[in-house]
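A short worksheet on the structure shown next.
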Amino acid sequence: MGTESTNSVSQKLQSYNSDLSRRDVDFLTKFPVKFIEGNFANYMWGGYYLYAMKGMLYDKETPVAAESWEVSGHKKFPSRILMPDGRVFTLKDLLKDRQLAKLILGDTVVEHFGQNFPILVKFIDVHKHMSVHLHPSHKIAKALGEDDPGKEEVFIVLDLHEDAESVLYLGLKDKVSRKDFEAAIKREDNILNLLHKIHVAPGEIFRIPSGVLHCWTGGSIAIEIAESSDLTYRMYDFLRQRPMHIKKGLTSIDYKCNQGNALKKQCKGKWETMLTKGLDSIVTHNALRVERIRAGLNGNPVKICNRNAFEVLMGIEGAIEIVSLKENWLVHLHKGSSLLIPACAGDYLVRGIDQLDKNRAIRISMKIPNREDE
């Protein structure tokens, strides 16, 4: 948690940005932050589900929404914060000041991961096929001179569109060789035919490692959780005339990974019960910590204590009430909405306010390395 008072930090910020007062700093660091809704990526494979889920108006003239960048410090679609007096700041710009970044993210997060917001979380509506694509590893992204790092992703399937295919193609089929794959690329074949096909269901979790080809077909509504990167190499796009990234993609493919059912088994996640009642977690292979909060009604609260870093909460079912243990703030979180809880906002309690046992949120934070691990 930040060691300096918000008063001293606000004084320093005056020389950095005269628009920020002590009251502004308190607003940004001592209370949960809700961002302006509608931070959509209007890719052609999206639909209108995200508008409906968020209670936003739309009609046939409204651009489709493929992704809602819920909490983002990425330059492409940074999250925007509406201040009480009507000013708007982006999360990316606010974190440029190191002292403010420490209060929002936490000292240890800034120390280990820097001042850029380290994660990117989205709701996605795969109304039509995505491209067949992959994401490079950190090492390969750096070797290729990319500005963004590599990444791996976690997908949590929330729902399916009725009568849609709802399939994840993940990695190569068994016995498809590198030679077979690269020949198909050269012929400009539909390489989807070479990938392993998985029918998905609501509640399922999939880790998508870097270097692994994948494609979500039309029909899935999901959460996507990853490092803050928009680095994607398209290898096949169903003749939609978008830019392709064949050379970089071929460089980035992990041909040594498992294939077929072995890869599916490796990448399919599950919730594991934690010691804290009402909290479950999944295994991740990067610095991300992904948990599920199961909040009953008032008799079954979930207490989150000993906080020293930021957290993102995403509502996925029902509605929850989040209450400061110091009793200085209270917010509600519904399905389809998200918020950022700064490091300095303190410990809190989560209670369900909707159905008896159908109140769920996803909690995302960072794994901070131990000194002895460094």
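The values are calculated or read from the model by the stated rules, or taken from the named source; none is laboratory data. Nothing here was measured: the structure is a model prediction, and the numbers come from that model. Cβ coordinates were reconstructed from backbone atoms using ideal geometry, including for glycine residues, and neighbour counts include every protein chain displayed. Calculation scope for accessible area: heavy atoms of the full protein, side chains included, ligands and nucleic acids excluded. Shrake-Rupley method; radii C 1.70, N 1.55, O 1.52, S 1.80 Å.
Assorted remarks:
- Of all residues in the range 230-258, those satisfying the criterion of being over 21 Å from Thr217 (Cα atoms), surrounded by 18 or more Cβ atoms within 10 Å (Cβ to Cβ) and not charged (D, E, K, R) are Ser252, Asn258.
Conditions tested, residue by residue: (1) closer than 30 Å to Ile185 by Cβ; (2) not charged (D, E, K, R).
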site	(1), (2)
Pro78	no, yes
Pro84	no, yes
Arg87	no, no
Asp93	no, no
Asp97	no, no
Ala101	no, yes
Phe123	no, yes
Pro136	yes, yes
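- Pair list, Cβ under 9 Å, 6 or more apart: the range 86-101 residue in a helix (DSSP H, G or I), other residue open to solvent by 70 Å² or more (accessible area, probe 1.4 Å): Leu91/Arg80; Lys92/Lys75; Lys92/Asn116; Gln99/Lys12; Gln99/Tyr16; Leu100/Lys12; Leu100/Tyr16; Ala101/Asn116
- Counting only residues that are part of a loop (DSSP other than H, G, I, E, B) and either open to solvent by 60 Å² or more (accessible area, probe 1.4 Å) or under 19 Å from Ile368 (Cα atoms) (or both), the range 298-339 holds 14 of them.
- The condition of being within 18 Å of the chain's Cα centre (by Cα), within 22 Å of Glu224 (Cα to Cα) and either among the charged types (D, E, K, R) or open to solvent by 10 Å² or more (accessible area, probe 1.4 Å) (or both) holds for Lys54.
- Subset of the range 255-280 [among the charged types (D, E, K, R) and farther than 20 Å from Leu134 by Cβ]: Lys270, Glu272, Lys277, Asp280
- Filtered residues of the range 2-35 (kept if open to solvent by less than 50 Å² (accessible area, probe 1.4 Å), at pLDDT 95 or above and in a loop (DSSP other than H, G, I, E, B)): Pro32, Phe35
- Qualifying residue in the range 197-216 (condition: over 27 Å from the mean Cα position of the chain (by Cα) and either open to solvent by 40 Å² or more (accessible area, probe 1.4 Å) or over 21 Å from Ile362 (Cα atoms) (or both)): no
- In the set (1) closer than 30 Å to Arg294 by Cα; (2) under 19 Å from the mean Cα position of the chain (by Cα); (3) open to solvent by 40 Å² or more (accessible area, probe 1.4 Å), the condition left unmet by Glu272 is number (2).
- Filtered by the rule that a residue be open to solvent by less than 30 Å² (accessible area, probe 1.4 Å) and part of a loop (DSSP other than H, G, I, E, B), the range 105-147 gives Gly106, Gly114, Phe117, Pro118, Met130, Ser131, His135, Pro136.
- Residue pairs whose Cβ atoms lie under 7 Å apart, separated by 6 or more positions or on different chains, with the first residue in the range 229-258 and modelled with pLDDT of 95 or more and the second among the hydroxyl-bearing types (Ser, Thr, Tyr) and in a strand (DSSP E or B), are His245/Tyr233; Lys248/Tyr233; Gly249/Tyr233; Ser252/Tyr233.
- Among the residues making up the range 41-85, those that are touching a residue at least 40 places away in the same chain (Cβ under 8 Å), among the charged types (D, E, K, R) and within 30 Å of Arg23 (Cβ to Cβ) are Lys54, Glu70, Arg80.
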